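The structure appears right after this line, and notes come after that.
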Amino acid sequence: MTNPIADPLVEVADTDALSDTVILDASPSGVAVVMINRPDRKNAFDAEVIAALRQTFETLRDADGVRIVFLRGAGGAFSAGADLEWMRAAAGFSKDENRQDALALAEMLLALRELPQLTVALVEGPAFGGGAGLVAACDYAVALNDAKFAFSEAKLGLVAATISPHVVSAIGPRRAKSLFATARLFDAAFAEKIGLVDEVVDDVASLEATMERLSNEIMACAPGAVRASKQLVEDVAGLPIDDELLEETAKLIADRRASEEGKEGVRAFLEKRKPSWTV
């Protein structure tokens, strides 16, 4: 298979309205890269970054040609969490202003989680607070072995409220309790052990190779089936395995078998050829 990320990057859409704190590019084959671009601040969040990320994710939601989305930070840092100047300003906010501020972050994370494409966090350097929340909201995460993580809110007298649904979903309630309560710094190996990270690699070259491998894997899968598979997990997680669930899952596979993708995939398998969606 060809390298789907080797082509020169082109814009998914007109991104002139986006802040230059977030850069969105995609290859012609459908590999998108979202870059948080505040290297001088270790890609820390402020209101502008949060708004730009949400707008970027909303752009990608409707980008039918995009098959996989990588999220990373510029300059060797994923995200150090909340920007100090932003936190200083928030100290003077009213309760309602703080609620709106927090809601903007929560809505941005949800927009990331609900993207129909496979989403992959590429973690270099720090991923603290909301930065670690971004990792948890992605479907998959790859980290350099010297990356560092922390849910550091408790050290500031705060709680990891807006990121908590994604973190608890990723690592489970027991791990989340201890890491939220201690605000402990932990490394990539521990992040992999608890399920926050899926792969740990040695260097940037290995990170790039992993991007290529994951892109090739996703290009072999039908876009609609990827979308439906992600939604399936959201729909069945935590539900009892009862007659209603059996009926719903049977209906889903029946619908997929009757879909154009399903028919094409089975035909391609029987005819020993690649299906139409492969690159």
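The values are calculated or read from the model by the stated rules, or taken from the named source; none is laboratory data. Computed from a predicted model, the values in this text were never measured in an experiment. Ideal geometry is used to build each Cβ from the backbone, glycine not excepted, and the neighbour counts take in all protein chains shown.
Points to keep in mind about this one:
- Within segment 140-157, the set of residues being of a type in the set (A, V, I, L, M) and more than 29 Å from ARG213 (Cβ to Cβ) comprises ALA154, LEU156.
- Test: ALA183 is touching a residue at least 40 places away in the same chain (Cβ under 8 Å), more than 26 Å from LEU207 (Cβ to Cβ) and either out of contact with any Pro (no Cβ under 8 Å at 6 or more places or on another chain) or in the same structural domain as ALA26 (by TED's automatic domain parsing) (or both): no
- Residue check: GLU247 meets all listed conditions (1) under 17 Å from VAL226 (Cα atoms); (2) at pLDDT 95 or above but one, namely (1).
- For the condition more than 30 Å from ALA147 (Cα to Cα) and either without any contact (Cβ under 8 Å) to a residue 24 or more places away in the chain or not in a helix (DSSP H, G or I) (or both), LYS251 qualifies.
- Per the listing GLU199, GLU153, the residue uniquely within 27 Å of LYS230 (Cβ to Cβ) and assigned by TED's automatic domain parsing to the domain that holds ALA77 is GLU199.
- All positions within segment 31-50 that are surrounded by fewer than 24 Cβ atoms within 10 Å (Cβ to Cβ) and at positive phi: LYS42
- Residues in segment 33-71 that are touching a Lys or Arg at 6+ places or on another chain (Cβ under 8 Å) and either among the charged types (D, E, K, R) or in a loop (DSSP other than H, G, I, E, B) (or both): ALA44 only.
- Restricting GLY92, GLY75 to residues that are at pLDDT below 95, small (Gly, Ala, Ser) and more than 24 Å from SER229 (Cα to Cα) narrows the list to GLY92.
- Taken over segment 51-62, the criterion of being in contact with a helix residue (DSSP H, G or I) (Cβ under 6 Å, 6 or more places away or on another chain) and either buried (at least 22 other Cβ atoms within 10 Å of the Cβ) or at pLDDT below 95 (or both) is satisfied by LEU53, PHE57.
- Residue within segment 79-86 that is in contact with a helix residue (DSSP H, G or I) (Cβ under 7 Å, 6 or more places away or on another chain), crowded, with 16+ Cβ neighbours inside 10 Å and among the polar types (S, T, N, Q) present: yes
- The residue that is surrounded by the fewest Cβ atoms within 10 Å (Cβ to Cβ), among those in segment 1-27 that are out of contact with any Lys or Arg (no Cβ under 7 Å at 6 or more places or on another chain) and modelled with pLDDT of 90 or more, is ASP20.
- When residues of segment 128-168 are limited to those that are in contact with a helix residue (DSSP H, G or I) (Cβ under 6 Å, 6 or more places away or on another chain) and closer than 13 Å to VAL200 by Cβ, the one surrounded by the fewest Cβ atoms within 10 Å (Cβ to Cβ): ASN145
- First in segment 81-95 and at negative phi, second anywhere and in a loop (DSSP other than H, G, I, E, B), Cβ under 6 Å, 6 or more apart: ALA82/GLY129; ASP83/ALA44; ASP83/ASP46; TRP86/ASP46
- Single unsatisfied condition, GLY65 versus (1) in contact with an Asp or Glu (Cβ under 8 Å, 6 or more places away or on another chain); (2) surrounded by fewer than 16 Cβ atoms within 10 Å (Cβ to Cβ); (3) among the small types (Gly, Ala, Ser): (1)
- When segment 113-125 is filtered for residues that are crowded, with 24+ Cβ neighbours inside 10 Å and farther than 24 Å from GLY65 by Cβ, only VAL123 remains.
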